[in-house]
Amino acid sequence: MLAFYCDHFVLPLPEGHRFPMSKYRLLRERVAGLAGISLREPAAVSEAELRRAHTADYVARAVAGELTRAEVRRIGFPWSPEMIERSRRSAGATWAAAWAALEAGVAVNLAGGTHHAFADRGEGFCVFNDAAVAARTLQAAGRVGRVLVVDTDVHQGNGTAAIFRDDPTVFTFSLHGARNFPFHKEISDLDLELPDASGDAEYLEALDRGLATSLAWARWERAELAIWVSGADPFVGDTLGRLAVSKAGLAERDVRVLRALRSAGLAVVVVMAGGYAADVADTVDIHCQTVKTALDFFTPP
């Protein structure tokens, strides 16, 4: 199974910055030891490809370093050429993984899941929306017609919902914490919100309901591809999560999502999304388990 990584494009972050960038390097090191995994470094997406999901003005100003202070503050990273390069390669990894998944059933981006990026702005550690760029680029190439986005990160995929709001070719399902960021929610095709401290039983029950509705759409519309924004942050030990899902509960989530999507005949690209556990090793454990589970559903071409 192909896994794409861009962890060596390190962002120059201020001392004490809360985003755990080390998780990407640690995850790649763990995944590199798994039998059946082939690691690939992705190419950066072009500005033309970014414009399939983002406005020309936003792309041009982001690349040139002309975002306002307020826009940069909303993203949460200080602007740098490295930030743009990494964001473009992360989107490139999701695009490449999607192409690979269409051939082999499943592929993984060891980063990605930048679901808070809107067409005209970034926010919440997200510069460009990798799922939207990948879906629109594949559609423009005639490779797919209908795409399902399943988002189980603890934070609503607000940027993804907004980008695809009036697009009947993409169905967006987000399972997230009701009282968590973003505090103004967008409208996905299907939003299921969970109260604080929801545990395994509540989480998995809502997941099953959401998957049933999402797959009904996918079958009716004959969708070819699913992009799964997985997320490690529903974990009980996550500092930004507010839910109480165990590692075992998240491992069961992984099985249920991948089994449902593959049983419906969908190619699946898996992206990691958020994870902010007090101990970064817990986040890496959860992401690595997701990759291991994806391996079980990989079909060699």
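The values are calculated or read from the model by the stated rules, or taken from the named source; none is laboratory data. Fair warning: this is a prediction, and the values are worked out from it, not measured in the lab. Please note: Cβ atoms are built from the backbone with ideal geometry, for glycine as well, and neighbour counts cover all protein chains shown. Just so you know, the surface numbers come from the protein's heavy atoms only, side chains and all, with ligands and any DNA or RNA stripped out. Shrake-Rupley method; radii C 1.70, N 1.55, O 1.52, S 1.80 Å.
Here are the numbers for the structure shown:
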{"quantity": "Whole-Hz couplings from phi, Karplus 6.51/-1.76/1.60, listed for the range 137-146; x for Gly and Pro", "calculated": "5, 5, 5, 5, 7, x, 7, 9, x, 10"}
{"quantity": "Pairs from Lys185/Lys292; Lys23/Lys247; Lys23/Lys292 whose Cα-Cα separation, in the structure shown, is over 25 Å", "calculated": "Lys185/Lys292"}
{"quantity": "Alpha-carbon centroids, the range 237-258 and the range 125-191: separation in whole Å", "calculated": "20"}
{"quantity": "Amide H partners (placed H, <5 Å) of Val106, local residues excluded", "calculated": "Val268, Thr299"}
{"quantity": "Within the chain, longest stretch free of exposed GluC sites (Glu not before Pro) [DSSP loop, at most 15 other beta carbons within 10 Å]", "calculated": "67-301"}
{"quantity": "For Thr114, residues with placed amide H under 5 Å, excluding near neighbours", "calculated": "Asp130, Ala131"}
{"quantity": "Hz values of 3J(HN,Hα) by residue in the range 244-253 - Karplus curve (6.51, -1.76, 1.60), Gly and Pro given as x", "calculated": "9, 8, 7, 4, 5, x, 6, 5, 5, 4"}
{"quantity": "Sulfur and carbon atoms: percent of accessible area, the chain [1.4 Å]", "calculated": "52"}
{"quantity": "Max mean-square fluctuation residue, GNM over the chain, Cα-Cα springs under 10 Å, options Gly124, Gly142, Gly275", "calculated": "Gly142"}
{"quantity": "Net dipole in debye of the chain [+1 Lys, Arg Cβ; -1 Asp, Glu Cβ; about Cα centre; nearest 20]", "calculated": "460"}
{"quantity": "From the coordinates shown, Rg and Dmax of the Cα atoms in Å corresponds to which of [x] 25.6, 97; [y] 17.2, 50; [z] 20.1, 63", "calculated": "[y]"}
{"quantity": "For Phe77, distant residues with modelled amide H under 5 Å away", "calculated": "Phe125"}
{"quantity": "Solvent-accessible area per residue for the chain (1.4 angstrom probe, square angstrom)", "calculated": "39"}
{"quantity": "At most 14 other Cβ within 10 Å, DSSP loop - chymotrypsin sites (Phe, Trp or Tyr not before Pro), the range 138-234", "calculated": "Phe183"}
{"quantity": "The range 249-301: C-alpha gyration tensor shape, a/c 1.5 cut-off, then a/b vs b/c", "calculated": "prolate"}
{"quantity": "Approximate spin-label separation Ser46-Ala248, in nm, with each point projected 7 Å along Cα-to-Cβ", "calculated": "5.1"}
{"quantity": "Histogram of C-alpha separations across the range 36-159, 5 Å bin width, %", "calculated": "2, 11, 22, 25, 19, 12, 6, 2, 0"}
{"quantity": "Selected from Gly241, Gly122, Gly76 as most flexible by GNM, with the chain as the system and alpha-carbon contacts under 10 Å", "calculated": "Gly76"}
